[in-house]
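J.: Before I ask anything, let me first share the structure, which is written out below as structure tokens.
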Amino acid sequence: MDFRLLEKYRPQLLALLRIVIGLLFLEHATQKFLAFPVPFPVQPIPTLLLAGGVIELITGVLITLGLFTRLAAIVASGEMAFAYFYVHFPQSFWPIVNKGEAAILFCFIFLYLAVAGAGAWSIDGGRGKRVR
């Protein structure tokens, strides 16, 4: 297959990645604050996790909407790096063992969005440098 045919859809595919990852991140906040779709497993929620929930809520909404995408993505990436090294890494070196795969994926996808921008369908309107 000639993947160059997909090149013209790059802004839309980037937007789709941004929207899906933003909604998945937002789900972590709704779990903490609204017990949706399931309650957070630790009650009461420790202060550090509540702070993380606030970051997840704000950056999840901003990234999903494509508003201040680069700034929100770099903050979210930093939170996920912190979460991995603070929560997961002390349990084991291996992500499959320490259950840190999601944190690593979030971290690097957000890092990519911080560099690539929002893509199509964003409130930012594609301002800033686009991926080529």
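J.: Here are some residues: Ile104, Ile74. Which one is under 13 Å from the mean Cα position of the chain (by Cα), of a type outside the set (Gly, Ala, Ser) and farther than 23 Å from Ile123 by Cα? Write out each step before concluding.
T.: Numbers: Ile74 fails: farther than 23 Å from Ile123 by Cα.
It is Ile104.
J.: Mind checking which residues of segment 1-52 are among the small types (Gly, Ala, Ser) and more than 19 Å from Leu71 (Cβ to Cβ)?
T.: Ala35
J.: Note down all Cβ pairs under 6 Å where the first residue falls in segment 21-46 and is more than 20 Å from Ile63 (Cα to Cα), the second is charged (D, E, K, R) and modelled with pLDDT of 95 or more, and they're at least six residues apart or on different chains.
T.: Phe40/Lys32; Ile45/Lys32
The values are calculated or read from the model by the stated rules, or taken from the named source; none is laboratory data. These numbers were taken from a predicted model, which means no experiment stands behind them. Note: ideal-geometry Cβ built from the backbone for every residue, glycine included; neighbour counts use all protein chains shown.
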